[in-house]
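The structure is given below, and queries will be raised subsequently.
We did not get these values from a lab; they are worked out from the coordinates using the rules stated. Since the structure is predicted, the reported quantities are computational estimates derived from the model, not experimental observations. Reconstructed Cβ throughout: ideal geometry from the backbone, glycine too, with neighbour counts over all protein chains shown.
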Amino acid sequence: MPVAKHGIRKESLSNGSRRVCEGLQQAGFSAYVVGGAVRDLLLGVKPKDYDVATNAPPEEVHRLFRRSRLIGRRFKLVHVMFGSETVEVSTFRAGDASVTDEHGRVLRDNVFGSREDDAARRDFTVNALYYDPSTETILDFHNGLRDIKHKSVRIIGDPRARFREDPIRMLRAARFAAKLDFTIDDRTREPIAEMADLIGNVPAARVFDEMIKLLLSGHAKPCVVGLRKAGLHHGLLPMLDVILEQPMGEKFVMLALDQTDQRVLAGKPVSPAFLFGALLWHEVLAAWKKFQQENHKPVPALHMAMDRVLDLQTEKLAIPRRYTTVIKEIWTMQPRFEQRSGRRPFALLANEKFRAGFDFMVLRAQSGECPGELADWWETFQHAAPDDRTDMLKAPEQGEKRPRRRRRPAGKGDKSGSGGESETRQNSHGDAS
Ligand code: ATP
Ligand code: MG
């Protein structure tokens with residue numbers, strides 16, 4: 001389709017993607033900008049990054065561009081660098097349905113193919129548009145332009161077959177619908193509810209990558225709300241299906257998602273650890289309560305709860321260790337915010353992750369899980385002058401551990417060796433002299 005019909009001029013492309021296409025074409029290959037960039041340009045949205053598809057083999061692409069490197073993930077790709085931009089170049093390939101696992105999931109898709117094959121193996125029609133900068137024309141093999149006009153996310157080919165090949169596409173459908181403000185086409189949406197569980201067979205690391213894309217898209221809340229409305233949150237969003245069933249948990253999660261979206265859209269940094277910590281918090285709360293009911297002391301019970309929840313989650317969703325360390329730290333800080341006497345508030349304030357822990361507690365207060373007064377106190381305390389801080393401290397509460405003092409050897413009932421976290425009961429009534 002010529003430029004008069006779609007309006008994308010080659011000048012609107014990024015410098016890098018244009019130079020890659022020109023370089024490949026000068027070397028006698030064909031090259032197109034594809035995928036999200038073409039879709040976004042047509043919608044008047046600034047593309048996040050650019051993908052180029054070509055008939056040149058990866059090694060050839062690598063040879064043609066000095067600043068490039070071969071990336072071998074599931075298939076060979078080439079990253080070409082221009083200044084701060086990285087253009088991802090992939091060689092036309094065909095979906096190969098001959099190698100699958102027992103659920104029909106395609107395990108190999110690194111077979112080179114024609115341009116038509118390349119278009120057919122893509123997920124949605126709006127992601128399968130090929131733009132040639134030299135002629136300023138768009139190749140549209142699957143009616144993607146029509147679907148952009150109708151604001152429709154439609155899978156290419158038979159929905160069931162394509163979801164079985166790669167269940168992650170169900171999550172992607174939800175993400176694009178929310179991001180583009182499109183609706184999922186009826187035939188595409190219909191099988192999702194019954195097929196959602198297949199996500200469970202996808203390697204946990206890939207599910208994590210796709211969840212990150214969804215959660216950090218700037219449209220996480222509408223995405224989750226949309227899935228929920230359609231009854232599609234079961235199985236599709238590994239960590240959310242339980243949480244969204246509890247009113248308190250739902251409120252907390254929605255606040256966290258909303259805040260994240262606002263930060264992403266304002267170009268501010270967001271911490272995946274904070275977000276995952278928030279998504280799982282109510283599961284931790286439930287497990288913590290359970291362990292305490294089984295007579296574990298609060299602090300050990302919290303640690304048991306954290307490990308339980310993270311172990312269960314990482315089976316389905318491989319949260320990298322660099323995140324789980326921070327997540328645990330944020331969680332561990334939560335009960336400490338309740339201690340507002342003695343030296344403890346100062347120690348908490350000095351914690352390297354205080355800011356994250358505090359923001360997390362504010363979110364808890366906003367959802368009604370802990371008192372707003374606690375959040376206000378800490379807000380004032382952290383900004384107060386040192387003397388004012390001391391004035392703000394509360395009197396030690398009954399039952400609270402007092403600074404260690406030498407005590408006379410007690411009579412029977414005093415278990416020696418029970419130290420550390422166990423409570424030293426302060427018998428303030430008994431020894432009131
Ligand atoms: P975004 O703006 O979020 O980056 P995108 O469309 O560029 O959206 P990517 O995940 O970057 O999405 O993928 C680039 C392209 O690769 C897609 O447009 C699509 O054509 C193809 N693609 C990606 N993942 C799949 C998949 N699971 N199945 C089929 N095609 C896929
Ligand atoms: Mg992309």
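Please report how far the C-alpha centroid of the range 9-23 lies from that of the range 67-143, rounded to the nearest whole angstrom.
18 Å
Set the Förster radius R0 to 41 Å, insert the Cβ-Cβ distance between Glu397 and Ala193 as r into 1/(1 + (r/R0)^6), and round the FRET efficiency to 0.05.
The pair Glu397/Ala193 has a calculated efficiency of 0.25.
To continue, here is another question. Please report the net charge: other residues with Cβ closer than 12 Å to the Cβ of Val224, K and R +1, D and E -1.
With Lys, Arg at +1 and Asp, Glu at -1, the neighbours total 0.
On a full-extension model of 0.36 nm per residue, what is the gain between Glu373 and Thr314, subtracting their alpha-carbon distance, rounded to one decimal in nm?
17.7 nm
Residue by residue through the range 83-93, which ³J(HN,Hα) values in whole Hz follow from phi under the Karplus form 6.51 cos²θ - 1.76 cosθ + 1.60 (θ = phi - 60°), with glycine and proline marked x?
x, 8, 8, 10, 9, 8, 10, 10, 8, 3, 9
Based on a Kirkwood Rh over C-alpha pairs, give the Stokes-Einstein translational diffusion coefficient of the range 227-305 at 37 °C and viscosity 0.692 mPa s in µm²/s.
Estimated diffusion coefficient is 235 µm²/s.
Under the definition of Cα pairs under 8 Å and six or more residues apart, what whole-number percent is the relative contact order of the chain?
Value for the chain: 9 percent.
Relative contact order, percent, of the range 1-108 when contacts are C-alpha pairs under 8 Å separated by at least 6 residues?
20 percent
Skipping prolines and chain starts, which residues have an amide H placed within reach, meaning under 5 Å, of the one on His219, given they are 5 or more residues away or on another chain?
It is none; the list stays empty.
While we're looking at this one, here's another question. Quick query: amide H of Val52 versus all other amide H atoms, modeled in the peptide plane; which residues come in under 5 Å with a sequence gap of 5 or more or a different chain?
Residues meeting the criterion, in which the H sits 1.01 Å from N, are Val34, Glu88, Val89, Ser90.
Ranked from highest to lowest mean number of other Cβ atoms within 10 Å per residue, what is the order of the peptides 42-49, 83-90?
83-90, 42-49
Also, quick follow-up: Could you give me the ³J(HN,Hα) list for the range 16-26, computed from phi with Karplus coefficients 6.51, -1.76, 1.60 and θ = phi - 60°, whole Hz, x at Gly and Pro?
Working through the residues one at a time gives x, 5, 5, 5, 5, 4, 4, x, 5, 5, 4 Hz.
Which FRET efficiency value, to the nearest 0.05, is calculated for Asp117 and Gln292 with the Förster distance at 56 angstrom and r the Cβ-Cβ distance?
0.45
Let me ask another. Quick one: what are the phi-derived ³J(HN,Hα) couplings along the range 355-363, Karplus 6.51/-1.76/1.60 with θ = phi - 60°, whole Hz, x for glycine and proline?
Each residue's phi maps through the Karplus curve to give 4, 5, x, 5, 4, 5, 5, 4, 4 Hz.
May I ask you to list the trypsin sites (Lys or Arg not before Pro) in the range 298-358 that are in a DSSP loop and have at most 14 other Cβ atoms within 10 Å of their Cβ?
Arg343
What Rg and what Dmax come out for the chain when only alpha-carbon atoms are used, in angstroms?
Spelled out, the Cα radius of gyration and Dmax of the chain are 27.5, 96 Å.
For Gly235, which sequence-distant residues (separation of 5 or more, or a different chain) have an amide H within less than 5 Å of its own amide H, given hydrogens modelled in the peptide plane?
Placed amide hydrogens put Asp241 under 5 Å from Gly235.
Now for a different question. Measuring from centroid to centroid over Cα atoms, what is the spacing of the range 302-350 and the range 229-271 in Å?
Between the Cα centre of the range 302-350 and that of the range 229-271, the gap is 19 Å.
Give me log10 I(q)/I(0) at q = 0.15 Å⁻¹ for the range 1-157, Debye formula, one equal scatterer per alpha-carbon, no solvent.
-0.79
Could you work out the helix-only [θ] at 222 nm for the chain, with each DSSP H run of four or more residues adding -39,500 (n - 2.57) and the total divided by the number of residues, to the nearest 500 deg cm²/dmol?
-14500 deg cm²/dmol
For a quick size check, give me the Cα extents of the range 238-385 along its three principal axes, largest first, whole Å.
Between the extreme Cα coordinates on each principal axis of the range 238-385 lie 47, 45, 30 Å.
Once you keep just the Cα pairs under 8 angstrom separated by 6 or more residues, what percentage relative contact order results for the range 304-387?
Normalised by residue count, the contact order of the range 304-387 is 22 percent.
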